[in-house]
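Following: one structure in structure tokens, then a few remarks.
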Amino acid sequence: MLTVGVLVRCRVLQPRARDVLSRWASPVLPLTCTTESRVRPASGVGGASGAGGWYGSLSDSAPVHLCENFLVSAHQVSGLPWWLSIAMATVSIRTCITLPLAAYQLIIIAKVEALQAEISELAKRLRYEVSVRGRERGWTDKQSRVQFQKNLRRLVSQLYVRDNCHPFKASLLVWVQLPLWVGLSLALRNLSLDRPALHDELAAGGALWFPDLTVPDSTWVLPVCLGLTNLLILEVFSLQRVEASRFQRLVLNGFRGFSVLMIPIAASVPSSMALYWFCSSLVGFSHNLLLHSPTVRRTAGLPAPRSETPYRDLLSAFISKYWR
């Protein structure tokens, strides 16, 4: 599951409000998955045929084959059993690729939040200028609101460019993490089901209650652990928000429902995929907690946290919400 960092708070600074406003003020106001007997795709697609061939085309694409080669190479180089190779490959990818992007996301969000005061002051002055211009030109209330919103968006965009912190950059983590997640999932599906040369290795490459990585986990331990980890990530994220809007609560509940839905889905795919999903969620949760550490933030030059005791605060909030 995607790290819930996808629910980014984008508020919006202080210095140089007059300079930005002066650029706006001009003589004329601008108007300007399910399975067959041996786990096949949910749509019944097996290879390039079926359901319009989109699933087959995706699973046979170059990025997915690149992920396959990466997993096979990691297994051969490390000499570890397949289950441990999958876990180590997940840790490596998330640490080398998604962790730096998560840190960059924190920097962008901090800059956007620092713009809050300047945007507020800018909006006040702009509202006054629009009201004056509206009286001069006989604008209706609706026309004045349209002009205010349009010019405020333009000025805020200029601030984002000035401070190099457009909120879209905060979503970069999602746009990298999602293709990686899909690519590695399909790669493991292909290795487990469509690569006869590796089938026996993967069939004997499991551990404990999932000795065969090419079949679903009949005990449902991995799927349940995946669902609980994803729900834990969401609850920790929700505890970090003092107040959430109605839309944010709806989105959060939607993710909760998706986390529960992932349990039967993970129980219908090869154990190699379920293991990867669980490891990915677990590593993502660990990275999220790591980036809350004041020591880690100071060492990495990241924005200071709101609290010097973030873990104690999270625990207190968790106990307060669920045990009192």
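Note down, for the range 185-324, the three equivalent ellipsoid semi-axes (square root of 5 times each alpha carbon gyration tensor eigenvalue), biggest first, whole angstrom.
Values: eigenvalues 245, 69, 34 Å².
Rounded to whole Å, the semi-axes are 35, 19, 13.
Annotation: Cα Rg of the range 80-120 relative to the compact-globule expectation 2.2 N^0.38 Å equals 1.93. Cα convex hull, the range 98-239: 189 Å³ per residue, rounded to a whole number. In straight-distance terms, cross-link reach from Lys124 covers every one of the lysines whose alpha-carbon lies under 29 Å from its own, apart from those fewer than eight places away in the same chain; here that gives Lys111, Lys142, Lys150, Lys169.
In units of the rule-of-thumb radius 2.2 N^0.38 Å, the range 266-310 shows an alpha carbon radius of gyration of 1.66. Site pair Arg306 and Arg249 shows an inter-label distance of 1.8 nm when each label is modelled 7 Å from Cα along Cα→Cβ.
Under conditions of 20 °C and 1.002 mPa s, the range 63-168 yields 118 µm² s⁻¹ as its translational diffusion coefficient, taking Rh as the Kirkwood radius over Cα pairs in the Stokes-Einstein equation.
Restrict the search to the range 179-238; then list the chymotrypsin sites (Phe, Trp or Tyr not before Pro) that DSSP places in a loop and that have at most 15 other Cβ atoms within 10 Å of their Cβ.
Values: sites: Trp181, Trp209, Trp220, Phe237; in loops: Trp209, Trp220.
Answer in residue order: Trp209.
Only alpha carbons enter this Debye calculation for the range 118-157, each as an equal point scatterer, and the log10 of I(q)/I(0) it gives at q = 0.21, 0.24, 0.25 Å⁻¹ is -0.58, -0.73, -0.78.
Across the protein chains, with a 1.4 Å probe defining accessible surface, the residues Phe247, Phe70, Phe278 rank Phe247, Phe70, Phe278 from largest area downward.
In the range 167-324, if the dipole is taken from +1 on Lys/Arg beta carbons and -1 on Asp/Glu beta carbons about the Cα centre, which of His292, Val174, Pro216 is farthest to the positive end? Of His292, Val174, Pro216, it is His292.
Would you please state the base-10 log of I(q)/I(0) at q = 0.13, 0.21, 0.23, 0.29 1/Å for the range 137-202, with intensities from the Debye formula using one equal scatterer on every alpha carbon? Reported log10 I(q)/I(0), two decimals: -0.64, -0.89, -0.94, -1.09.
The values are calculated or read from the model by the stated rules, or taken from the named source; none is laboratory data. As the structure is a computational prediction, the values presented were derived from the model and not from experiment. Methodologically, a virtual Cβ is constructed for each residue, glycine included, from the backbone with ideal geometry; neighbour enumeration extends over all protein chains shown. Areas reflect the complete protein model, heavy atoms only, side chains present, ligands, DNA and RNA absent. Shrake-Rupley method; radii C 1.70, N 1.55, O 1.52, S 1.80 Å.
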